[in-house]
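*Asks:* Sharing a structure, written as structure tokens. Questions coming.
The values are calculated or read from the model by the stated rules, or taken from the named source; none is laboratory data. Because the structure is predicted, anything quoted here is derived from the model rather than measured. Cβ: placed from backbone, ideal geometry, glycine included. Neighbour counts: every protein chain shown. The accessibility values were calculated without ligands, DNA or RNA, using every heavy atom of the protein model including side chains. Shrake-Rupley method; radii C 1.70, N 1.55, O 1.52, S 1.80 Å.
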Amino acid sequence: MKPIRRPAWALPEHRVTAEASWRSRRRFLRESGSVLGMPLLFGLFNSDPPPPEPPILPERYPAPRNPTFTVARPTTPKELFLSYNNFYEFGTSKAIRAAAQALRLRPWWVRIDGMVERELELDAEELIRRMPLEERIYRFRCVEAWAAVVPWTGFPLRELVRLAAPRAGARYLRVESFLNPEVAPGQKQPWYPWPYVEGLTLAEATHELAFVATGAYGAPLERQNGAPLRLVLPWKYGFKSAKSIVRFTFTDTRPRTFWSQVVPQEYGFWANVNPAVPHPRWSQRTERLLGSDERVPTQLFNGYAAWVAELYRGLEQEPLFM
Ligand SMILES: Nc1nc2c(c(=O)[nH]1)N[C@H]1C(S)=C(S)[C@@H](COP(=O)(O)O)O[C@H]1N2
Ligand SMILES: [Mo]
């Protein structure tokens, strides 16, 4: 099925022009057969860095804080959140902040497809413009046993599900990150199954806690944290929170996720936080709070058991905690 693009009459004038010229430039490149030659020509004659891009909808930040979601622990220092990252597209160390600046955010096409009433493809700015933004403070727990407390800005994932209108029979939401080895050197490593893919059941995706972040610390998200939009699933290990998303697909089949393909004996589909279930190579009983040497006890579902435990009733035979 061909995706339905937002009709031109629904866009403000300047954006119609921008989109139309971008599209026709691509068609020109394709028809003139020069696509393969272009990177070479740019490499020879254009060594300037790409022009700076304006932030996406800065006037929406800071968004109103939702007081339901607060955390008793102190907020992680912003500089640490911005500079200590996991984003394998840009390298396997925590210091990928500089490399991630190569990511271009305009345009950023987001596709919503699969078992939906109407497939859609729209620019991230247009998608964010349609969504109600709010600030939520969540605990964040990486499977590597470090943890943070982050004031995210974004919208409930269920709002996107509502926009997509999944058809009866859709059971999972598959989420795909960008693919562009020209800007993401990690994607030149062929032993990884790029692009990064994650997935949720539809019950999880429509849970009140499931969030799409477009910002953090009262400002639009930076590239190293997954701009222009990423998942935030605070009761699951951090690798479920896919960054820099380009596609949401509704399906009746459980998605094959990135880490469950790379190391299937260590990382599964569910990845709910549980201190009593160790990783095959380390304990999950405690976690290190970013910005301190303090280790604190890890909590079942990362402290969100009262919210999400009922999602897993009847699924006890599943590997829910890896
Ligand atoms: N596309 C993509 N998303 C990703 C990752 C990644 O490597 N690629 N790493 C995950 C992991 S393991 C963690 S802990 C978080 C880290 O998010 P942060 O750097 O914003 O703290 O992003 C997750 N999302
Ligand atoms: Mo992680």
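*Asks:* In whole percent, how big is the carbon plus sulfur part of the accessible area of the chain, probe 1.4 Å, protein atoms only?
*Replies:* Within the chain, the accessible surface is 57 percent carbon and sulfur.
*Asks:* Under 15 Å from the Cβ of Ser83, count the other residues' Cβ atoms, weight Lys and Arg +1, Asp and Glu -1, and hand me the total.
*Replies:* My count for the surroundings of Ser83 gives +2.
*Asks:* Work out the P(r) tail for region 52-115: percent of alpha carbon pairs separated by more than 16 Å, whole number.
*Replies:* Value for region 52-115 (Cα pairs over 16 Å): 71 percent.
*Asks:* Tell me the relative contact order for region 58-311 as a rounded percent, counting alpha carbon contacts under 8 Å between residues six or more apart.
*Replies:* Reported relative contact order: 22 percent.
*Asks:* Once you charge only the Cβ atoms, +1 for Lys and Arg and -1 for Asp and Glu, what is the size of the charge dipole of the chain about its Cα centre, to the nearest 20 debye?
*Replies:* Dipole of the chain, to the nearest 20 debye: 280 debye.
*Asks:* Applying a 10 Å radius around every beta-carbon, put 130-136, 143-149 in order of their mean neighbour count, most first.
*Replies:* Sorting 130-136, 143-149 by mean packing, highest first, produces 143-149, 130-136.
*Asks:* Per residue, how much accessible area does region 69-110 have with a 1.4 Å probe, in Å²?
*Replies:* 47 Å²
*Asks:* Separate question: So if I average 1/r over every pair of distinct C-alpha atoms in the chain and take the inverse, what Kirkwood radius in Å does that give?
*Replies:* Result for the chain, one decimal place: 20.8 Å.
*Asks:* May I pose another question? Among 85-92, 238-245, how do they line up by average Cβ neighbours within 10 Å per residue, starting with the highest?
*Replies:* Result, highest mean first: 238-245, 85-92.
*Asks:* Provide the per residue accessible area, probe 1.4 Å, for region 229-322, rounded to a whole number of square angstrom.
*Replies:* 44 Å²
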